[in-house]
Every structure is written in C-alpha cells, then in structure tokens.
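Report on the structure given below.
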Amino acid sequence: MAYSDFAPPRRSRRRRNLVILIIAIAVIGVLVLAIRYRTERRQSIDYLATAEAVAVEHADMADRLGSLLQSLGREERPEVIQRLESMSAEATELRQTLEDAGVTRAVAEVSGLMTVAVEAWDDGIDSLDDAIVVVLDAEPGDPSGDDELRDAFDLMRLGDRAYAGALEAVIRLDQELVPAPFPVFTYTQGEYAALYDAPVIAERLRRLGSLSESSDVAIIGTTVPEPVSEGIAGVYAVPASEDFALEITVSNTGNVVVERVGVVITLHRAASSEQPPPLGIVIPSIEPGASETLLFEDLDPEPGAVYTATAVVTLEEGIADETDDNTWSIVFKRNAE
C-alpha cells in the first residue's frame, strides 16, 4: 500500500490541535479577565456614585439637624418631633440605599467604613428622637432622658469618625473610579459642635414651656341669622327668619392633636319647665391651630320668647382642658317679624 508524502503524521496533527486548544483557552481567559475587570470597574464606579449621593444627603441632614437643635425654643413641640421623625425616616431610607449597592474588592474598605457611618447616623437620629420625647415628658426635676441624649450623640460621633475614615479610603483609590468628590462634613463638629452636649440640650428642653404638651380648645358661636342688637338686660334681638340655627366654631389652641372633641348645645327657655333636648356632635380630631365650624339647625325657638343658648366643648375622657374658654352662651329673643 502506498502513502502520500504530503500527509502529516497523526501525532503532529494531535500536537497542532492541542496548541490551538491552548491558544483558544488563553484567549478566552484573557477575554474573561478583561470583561470581569471592566464589570468590576463599572460596579466600583456605581457603588462610589451611590455612596457619594448618600453622603450628600447626610451632609444636608447634618445641617438641618444642627439648625433644629439651635432653634429649640422657637419651635412648638409637634413641629420639633415631626422634623425629627422625618429625618429619621430619611436616614433609614439612605441606609437601605447603601445596603442595596453592589460592593467590589476595590471599594471594600470604603464600603465598610461608609456602612458603619450611615448605620450609626441612622441609629443616632432615631435615638435622639426618642430621647427628646423622654426629656419633654419627664416630671420637673426628673433627669430622665439625659443618658438617652448622651447615647444618641455618641452614635452620631461614631458615624462622623467612620465617615472621616471613608474619606481617607476614597483618596487612596484610583481616582478614575471616583465619579464625584465626596462632601466633607460632620454632624457633631464645626458650627453646631456645642449643641451635641446632652446636659445643654436637656436643660434647653426643660426650660421650654412651649414644647410641653398642651391640650386646649376654645369655643365661640353666633346665631343664624346673627343678632342685630343687644337689648335690655343683655338680651340680643335676632331678626325674624324662616330658619334658625346656631353656628359654633371650635379651635385647637393647644400644641397637640385633640381627638373626640364633644360639643353639646342646650336651649333654655326663660320661665318654662319644658326645655328642648340637648344636641351633641363629636369631632373626630382637630390639628393644632385648626378650627372646626358646626351648624346646629334642629332648633326652633318661639318668636318673642327669651332663650339662653349654651355650647360646651369637652375633650376625650382623661384629657384635661387647660383653660376655661370651653363654654359659650347667648341670651336672645327671636323677633316675630
């Protein structure tokens, strides 16, 4: 049997195939490494962009919190608590945003320090909110809340130290990975440093009578139609009309929401043993500074007779009204024509 002189030996073909396979594996490996490098680089940039955005929001919050502590005494209690609760909710959202960001080896150090900072700030603001409520609700001379304030401020300081470390770690990175400069700020130092002192803030809170809870309502009213004049012995003349009603306005003059506010109307006819039954309405709630106007129309005083209309407002059981402006009355006579 004759063989072609041009046919390569079988061993040579195997060797050549093996070389080709090795080259292909090397090329694929290089491509995989290149893709992984670009992916990790992109993820590192994305993480740092997220961390920088979180830091910017905290820098703004640090300024707002400092302003709030500085303004204690010019704000009412509900406003102070509302602003603190709002900041606490924001801090929790920022904490979750950072937790959701992907972390690569390149940014691991920055991530660890940022996580400590953001968690400490979040816990600190939440603790501060609780501590202020404890101080405000304590009896005179009761030091309750001082330790809670101190712990809250210590958490804020821990966050500041961790963030300072994160800034140093960012400087050590390849700066091409850093899409924007991180803000340089602190909660507990600088302009508002003196306010992050538990005894100072506790004393301010205890001196603030405007921040203590005050449940208070006031009531005023008029007839519909309105009186045209005041006659003898303080009896008001109400013009003749087809319909008659009493319009009662209840105002929340305290600094907390009042709930289940009761209003009762009585109509008493002079020199008569038969009196119309009282009428009552319960207002579900009234915000501080707000008012509710009620119209009592199921009334039909006899023209020419003298009546005393009285409106009394009461708060829900267990809540004391702090002033005596919760009653309104008028003596009137409805004209016949």
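Coordinate-derived values only; no laboratory data. This structure is a prediction, so every number in the text was calculated from the model and none was measured. Neighbour counts are summed over all protein chains in view; Cβ atoms, including those assigned to glycine, are modelled from backbone coordinates with ideal geometry.
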Ordered by fewest other Cβ atoms within 10 Å, a rough proxy for footprinting exposure, ILE281, ILE232, ILE286, ILE125 read ILE232, ILE281, ILE286, ILE125
A correct fewest-to-most ranking of ASP243, ASP151, ASP160 by other Cβ atoms within 10 Å would be ASP243, ASP151, ASP160
In Å, the Kirkwood hydrodynamic radius from C-alpha pairs for region 217-334 sits at 15.0
So for R0 = 25 Å, FRET eff. of ALA53-ARG74 from the Cβ-Cβ r, to 0.05, ends up at 0.20
Rounded to whole angstroms and listed largest first, the alpha-carbon spread of region 139-237 along its three principal axes comes to 91, 42, 18
Normalised per residue, the volume inside the convex hull of the alpha-carbon atoms of region 94-189 in Å³ amounts to 94
Expected unfolding gain across GLU302-SER67 under the 0.36 nm per residue rule, minus the alpha-carbon gap, is 78.5 nm
By Cβ neighbour count within 10 Å, fewest first, HIS58, HIS268 rank HIS268, HIS58
Here the FRET efficiency for VAL184 versus VAL257, based on Cβ atoms and R0 = 51 Å and rounded to 0.05, is 0.80
So, with points 7 Å from each Cα along the Cβ direction, the ALA336-SER241 label distance in nm works out to 2.1
Under the 7 Å Cα-to-Cβ spin-label approximation, SER329 and SER229 lie apart by a distance in nanometres of 2.5
Distance in Å, no decimals, from the C-alpha centre of region 105-121 to the one of region 257-308 is 62
Taking r as the C-beta separation of SER86 and GLU287 and R0 as 22 Å, the FRET efficiency to the nearest 0.05 is 0.85
